[in-house]
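Right, one structure below, let's go through it.
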Amino acid sequence: MGYVELRCRYCGAPLDVTPDSVVVVCRYCGQPNFLDGSAGRALAVPTLSASEVIRRAVERTKRDFNLGRRMRDINFAAPTLLYLPFYLVDVAMSAVYKARVVVSYTKTVYVGGRPQTRVVTRTVDVEGAVRLSDVVAVLARRSAWGLSVDKLVDHFFKTAPEPKPLPEVAKEAATASAFLAGEFTEEQAKAKAVRALVPKLLAAVDSDASERARARLGVIAAATSVVDKAVDYTVDKLAVSPLTYLPMWIVPYFYKGSHYSYYSAGWDGAVVVAEEPSFVENKAISAVGAAATAGLLGGLGAAIAVAADPLFGAAALAGGAAAAYLAAGGLLKSRRVET
Amino acid sequence: MIVQCPFCGAKYEAPPGRRFYVCPYCGTALSEGKTYENVYIFKPAVDKTAAFKAVLNFRPTAAPEDLPAASPVEAELHFLPLYLYYVSFPPLDQLATYATALATSSPPVPLPPSFRFPARWRTPFKPTLERVGVFHSPDLDPEAAFTSLQEVVEEARAYAQVFKVKIGVEWRLEGLVYYPIWRLAYDYRGRRYSAAVDATDGTVLYMEYPISARGRAEALGMAAAVAAGAAALGAMAAAYVGLPPALGAAGGGVASLGAATRLVLNLAAARVGKYKAEKRL
């Protein structure tokens, strides 16, 4: 299980390198060594210190409805910093389309001087063009990260912290070892971004086609469905940023001895995803949900089954039981996620 | 048939006709009668103690308060075999990528449905005579295992489609990779429970756990509360629409059996509690 030995460019001492290393700070001379050729161009958002991140996590906990009243049982442990590699891809795409839209609307007609409502269904052929642009953050690793990465990206776009050149950020050993190597090339990141945008573009085509169909018929309130469409895409712009590292802290805490985590954005300490215990009040909500669905559907179902329509009543009863079964899932969960 | 490992000398039983034979003791891989050299490993980053700590501090619903004091009895590192592919999409060379897929049809522990294996952070594997874990043999064809990488192919197709390029899908097998998972057993009040932890990052993948008397009682209490609430609400709903309230109460009570069934089967009357990881945060 050995590694290829790498040595410090400045003093020649051996470096502690893992396959995931991007930058390694030499233990002897303290100089950062960049292992990946492209790391020189990479950017990184500076992070707050560990103690500052914990301070914000504690503040968030005090404000939290469920956790705030249980502060006495909560202890925070040392957080772990991860610098996750992203490509920010600026995509602009346009689509020229031809579509067939079914429009249904209600119309008031006068039959013998008395108003009557009629549903009119018409099929309209429309064509048009839509354009869509977006900046998509693509995690440059194909690993099973989930919600925390999405929320970190949302928070990044909302707060827009300034990335700095990687060498300015990765100066200390503790920070340097947090950088995770990127797995994708820029081209793969572009592919991911395009893939993320195509469904949005198709949705924009649908709404544009519906709009045109309504306008053609001169109706404002009408249900539309696009039954057939031919779309031709063009990519107008596809520009990718240098690899950009965003800091995420995993802040573990213990509640009565069991282990949970916060996921915090490193630049401002905001908790983007909080894993929390499922407390009695959370379970009570599930229980009320189960009782409400079972009571309403089952109660009405049984009464209707006996008094009016046995088949319909029995179906409602069975539906109530199924809904209660599903709602009880919340009672079995030991943890919840707050974002 | 019996295979003798050329490295450690151990003999092991394996069905004939397989593309790879992996020695369960030292991890040496054989292919077509020769030692197969392209073997990699994901280094286990979580040790036995940390793995037990992750499990015993996890505290699923209705687990006893003193679960952290349970005694660890067995810890075995299992290495799942993955195939490492180099996938390319001619003529778009820039999309070529490495990817890994599980090479066994029967992993030793249940894995979450959306579990994805990394491809890049592998290091070359060299067998040692020191016992590090149990190595599992690939039993799927590389062709069959490749089908689980649909996502990688779809992504390239979506990209190619936009640029109106027709791409092919080509792959070659680059090697075998071992992925480490801890299989643990612990005792709590004379009973044994099993668990599994991802040894690369400490995620609890699966665990069995004792259900405390208090946990069982709480589950029954919740079932009763749901039934009472449903009956009351059912009576009110029936009365509101002018039907007999007693019928409504009975109906609400019957429908609440759905919730009760789930609580009783999973907690109140279950022999052991079971937790399965769904997705990672």
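The figures follow:
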| quantity | calculated |
| --- | --- |
| Count of residues meeting criterion [of a type outside the set (Ser, Thr, Tyr), outside any loop (DSSP other than H, G, I, E, B) and surrounded by 14 or more Cβ atoms within 10 Å (Cβ to Cβ)] in the range B:1-47 | 6 |
| Odd one out for B:Pro112, checked against (1) closer than 22 Å to B:Tyr25 by Cβ; (2) surrounded by fewer than 17 Cβ atoms within 10 Å (Cβ to Cβ); (3) touching a Leu at 6+ places or on another chain (Cβ under 7 Å) | (1) |
| Filter result (among the small types (Gly, Ala, Ser) and over 30 Å from B:Leu92 (Cβ atoms)) within the range B:158-206 | B:Ala185, B:Gly190, B:Ser194, B:Ala195, B:Ala196, B:Ala199, B:Gly202 |
| B:Gly215 of a type outside the set (Phe, Trp, Tyr), more than 10 Å from every other protein chain (Cβ to nearest Cβ) and either buried (at least 24 other Cβ atoms within 10 Å of the Cβ) or closer than 21 Å to A:His259 by Cα (or both) | yes |
| Qualifying residues in the range A:56-85 (those that are of a type in the set (Val, Ile, Thr) and not in a helix (DSSP H, G or I)) - the one nearest to A:Ser148 (Cα to Cα) | A:Thr80 |
| Qualifying residue in the range B:85-105 (condition: part of a strand (DSSP E or B), under 21 Å from B:Phe7 (Cβ atoms) and out of contact with any Leu (no Cβ under 8 Å at 6 or more places or on another chain)) | no |
| Tally of residues being closer than 29 Å to B:Thr104 by Cα and either within 12 Å of chain A (Cβ to nearest Cβ) or of a type in the set (Lys, Arg) (or both) across the range B:180-212 | 12 |
| Those residues of the range A:140-169 which are under 12 Å from the mean Cα position of the chain (by Cα) and either more than 29 Å from B:Glu278 (Cα to Cα) or not in a helix (DSSP H, G or I) (or both), in sequence order | A:Trp145, A:Gly146 |
| Check on B:Val177, under 30 Å from A:Glu187 (Cα atoms), surrounded by 17 or more Cβ atoms within 10 Å (Cβ to Cβ), hydrophobic (A, V, I, L, M, F, W, C) and within 11 Å of chain A (Cβ to nearest Cβ) | no |
| Candidate set: the range A:293-336, residues that are free of Cβ contacts under 8 Å to residues at least 12 places away in the same chain and within 20 Å of B:Leu267 (Cα to Cα); chosen: the one farthest from the other protein chains (Cβ to nearest Cβ) | A:Leu326 |
| Conditions (1) in contact (Cβ under 8 Å) with a residue 60 or more places away in the chain; (2) of a type outside the set (A, V, I, L, M, F, W, C); (3) away from chain B (no Cβ under 14 Å): number failed by A:Lys200 | (3) |
| Odd one out for B:Ala51 among (1) small (Gly, Ala, Ser); (2) assigned to a loop (DSSP other than H, G, I, E, B); (3) crowded, with 22+ Cβ neighbours inside 10 Å | (2) |
| Unmet requirement for A:Val231, which otherwise passes all of (1) at pLDDT below 90; (2) away from chain B (no Cβ under 14 Å) | (2) |
| Yes/no for B:Phe58 being assigned to a helix (DSSP H, G or I), buried (at least 19 other Cβ atoms within 10 Å of the Cβ), in contact with a strand residue (DSSP E or B) (Cβ under 8 Å, 6 or more places away or on another chain) and not aliphatic (A, V, I, L, M) | no |
| Residues of the range B:109-134 satisfying the condition of being hydrophobic (A, V, I, L, M, F, W, C), more than 9 Å from chain A (Cβ to nearest Cβ) and either without any contact (Cβ under 8 Å) to a residue 12 or more places away in the chain or not in a strand (DSSP E or B) (or both) | B:Val109, B:Leu111, B:Leu129 |
| Test: residue in the range B:40-48 that is β-branched (Val, Ile, Thr), touching a residue at least 60 places away in the same chain (Cβ under 8 Å), closer than 30 Å to B:Glu130 by Cα and more than 14 Å from chain A (Cβ to nearest Cβ) | no |
| The range A:153-180 - residue that is within 20 Å of A:Ser264 (Cα to Cα) and among the small types (Gly, Ala, Ser) and, of those, modelled with the highest pLDDT | A:Ala160 |
| Selected residue (only one of A:Ala314, A:Ala274, A:Ala302 is buried (at least 17 other Cβ atoms within 10 Å of the Cβ) and out of contact with any strand residue (DSSP E or B) (no Cβ under 6 Å at 6 or more places or on another chain)) | A:Ala302 |
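Per-residue answers, yes or no, for (1) more than 29 Å from B:Ala63 (Cα to Cα); (2) not hydroxyl-bearing (Ser, Thr, Tyr):
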residue	(1), (2)
A:Ser278	no, no
A:Ala284	no, yes
A:Ala305	yes, yes
A:Ala315	yes, yes
A:Tyr325	no, no
A:Gly329	no, yes
A:Ser334	no, no
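The values are calculated or read from the model by the stated rules, or taken from the named source; none is laboratory data. Please read all numbers here as calculations on a predicted model, not as lab measurements. Backbone-built Cβ (ideal geometry, glycine too); neighbour counts: all protein chains shown.
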